[in-house]
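Take a look at the structure below.
FYI, it's all coordinate maths here, none of it is from the lab. Computed from a predicted structure; not experimentally measured. Every residue, glycine as well, gets a Cβ built from its backbone with ideal geometry; the counts of neighbours run over all protein chains shown.
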Amino acid sequence: LVPLISVLYLTLLLLFLALFPGAFDCCMQISDEIPKGILRRVERFEIQKADGLCHLEAVILHIKGKKFCVNPWNRKVKKMMKKMKHKIHRSKSHVRKQRRTKITKQKEQKQ
């Protein structure tokens, strides 16, 4: 009976992990203060909502494989997020223009 219960428990745990892959990846605590040095090295960020499995609003900063959970209402964090979004948007549109120009030039050369 005990091995059967263990197998059933393990099966349910694996099913839960398959259905909710981010269940154990929530921020449980947030930092209100974040040093400028860390904000300058942020590679990307995610916004964690306080719904579903995660019960805390947070901004998750990714820096060289490490994650920092910070207060989403912090002014410095908001400013950094705005700059990063603007920077990403500009770089994507710039790449798109270069590619169109290159494709147009290749078509002209073929004709």
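Quick rundown of the values:
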{"item": "Gain upon complete extension [Lys76, Arg41; 0.36 nm per residue less C-alpha separation]", "result": "11.3 nm"}
{"item": "At R0 = 41 Å, FRET efficiency that the Cβ-Cβ distance of Leu4 and Leu56 yields, to 0.05", "result": "0.65"}
